[in-house]
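A.B. asks: Below is the structure I would like to discuss, written out as structure tokens.
FYI, it's all coordinate maths here, none of it is from the lab. Bear in mind that the values here come from a model prediction, so they are computed numbers and not experimental data.
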Amino acid sequence: MTYTDLDGRVALVTGGARGLGYSVAEALAAQGCRVALLDVLPDVADSAERLAADHGVGTTHAVTDVTSPDSVGTAFAHVTATLGTPQVLVTAAGITVWNDTVDVSPEEWRRVMAVNLDGTFFALQAFARGLLAADRPGSAVLVASMSGSIVNLPQRQASYSASKAAVSMLAKATAVEWAARGIRVNSVSPGYFLSQMTRQFTDANPDLAAQWVGQIPLGRMGEPADLHGLVTFLASDASAYLTAQDLVIDGGYTAV
Ligand SMILES: NC(=O)c1ccc[n+]([C@@H]2O[C@H](COP(=O)([O-])OP(=O)(O)OC[C@H]3O[C@@H](n4cnc5c(N)ncnc54)[C@H](O)[C@@H]3O)[C@@H](O)[C@H]2O)c1
């Protein structure tokens, strides 16, 4: 599907160096968006170069730690000066820690919250500040997780689930707050997708992927490209009347 309104629009993707963030950035670039990639990994420079070469659109990048409001502010200032005011935001930066809750250290707990919740908040706040100052409309897509509404088995990841539930609520609250100013905010909640985040566990335990797939009605894990249709639709004006929602994309996992 082509969304002509996205052609030339500036999109900013956090966690954009690899994985679901980079894949979604490719989908936005394929729609003609000029794309800024933010990531804590220095590789983000190569990712931005590859994106520009593969899709023939303007790109930029910033090595950014989303847990730092200063780092996020500097990155947004760079992107705005280079490409223009972002009108599409996708927050894909995220981490997980698997550990029995009684054994989770304060540092682990704070790290998960800092990246997944604080980092999403700082990016969303900077995005809205730019749009409100420029008096322009925009669409934010916060990457939450089905783990924000169901409990995964067998892994223990209470901190991750709590952080992602908060991300979905952050989307709803800000969507209502900014609706009259033309800023839409939704969250997407992927199920099990193939990426480094899941591979770090399935590589060490091949039975795990089989166990997950056995619980997914569509019978497979999601490919990063499975997110393309949903995220480009939410980014574009085709979803102009859709805000303050969480859209679960999980191959049917949460229905059974
Ligand atoms: N893979 C899945 O099954 C799945 C399911 C549901 C939700 N998600 C969410 O999707 C998003 C993308 O995850 P992924 O699966 O592609 O994993 P990934 O580990 O490949 O990508 C996460 C990206 O976030 C970046 N990042 C981490 N900490 C950061 C920080 N402090 N500042 C800036 N960037 C930082 C990483 O460098 C990496 O590029 C995450 O928010 C994750 O929670 C993933």
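A.B. asks: Cα atoms only, the stretch 186-256: Rg and Dmax in Å?
C.D. replies: When restricted to the Cα atoms of the stretch 186-256, Rg and Dmax are 14.0, 44 Å.
A.B. asks: Counting only Cα, what are the radius of gyration and maximum Cα-Cα distance Dmax of the stretch 111-186, in Å?
C.D. replies: When restricted to Cα atoms, the stretch 111-186 yields Rg and Dmax of 13.8, 47 Å.
A.B. asks: So for the stretch 7-127, Kirkwood radius off the Cα pairs, Stokes-Einstein at 20 °C and 1.002 mPa s: how many µm² s⁻¹?
C.D. replies: Rounded to a whole number, D works out at 149 µm²/s.
A.B. asks: Pull out the extension gain between Asp70 and Asp207, defined as 0.36 nm times the separation in residues minus the alpha carbon to alpha carbon distance; nm, one decimal. Let's see the in-between values first.
C.D. replies: On the way: separation 137, 0.36 × 137 = 49.32 nm, distance 4.21 nm.
Once the chain is fully extended between Asp70 and Asp207, it gains 45.1 nm.
A.B. asks: Over the stretch 84-224, one equal point on each Cα, no solvent: what is log10 I(q)/I(0) by the Debye formula at q = 0.11, 0.12, 0.18 Å⁻¹?
C.D. replies: Each listed q maps to, in turn, -0.46, -0.54, -1.02.
A.B. asks: Ratio of Rg to Rh for the stretch 66-144, alpha carbon only, Kirkwood?
C.D. replies: 1.08
A.B. asks: Computed over the Cα atoms, what is the radius of gyration of the stretch 131-170 divided by 2.2 N^0.38 Å, N being its residue count?
C.D. replies: Expressed relative to 2.2 N^0.38 Å, the Cα Rg reads 1.63.
A.B. asks: Also, I was wondering about something else. Apply the Debye scattering formula to the stretch 1-43, with a single equal point scatterer on each alpha-carbon and no solvent, then give log10 I(q)/I(0) at q = 0.24, 0.27 Å⁻¹.
C.D. replies: -0.73, -0.86
A.B. asks: OK, next. Take each uninterrupted DSSP H stretch in the chain, measure its Cα extent along the helix axis, and return the ones at 15 Å or beyond whose mean Kyte-Doolittle hydropathy is at least -1.0.
C.D. replies: Qualifying helices: 19-30, 44-55, 69-82, 119-134, 158-178.
A.B. asks: Next up: Quote the relative contact order of the chain in percent (integer), defining contacts as alpha-carbon pairs under 8 Å separated by 6+ residues.
C.D. replies: Once divided by the residue count of the chain, the mean separation gives 19 percent.
A.B. asks: Here's something else I'd like to know. Starting from one equal scatterer on each C-alpha and no solvent at all, send me the Debye-based log10 I(q)/I(0) for the chain at q = 0.11, 0.12, 0.17 Å⁻¹, two decimals.
C.D. replies: Per q value, in the given order, log10 I(q)/I(0) is -0.54, -0.65, -1.34.
A.B. asks: When the helices in the chain are scored as -39500 (n - 2.57) per DSSP H run of 4 or longer and the sum is shared across all residues, what 222 nm value do you end up with, to the nearest 500 deg cm²/dmol?
C.D. replies: -13000 deg cm²/dmol
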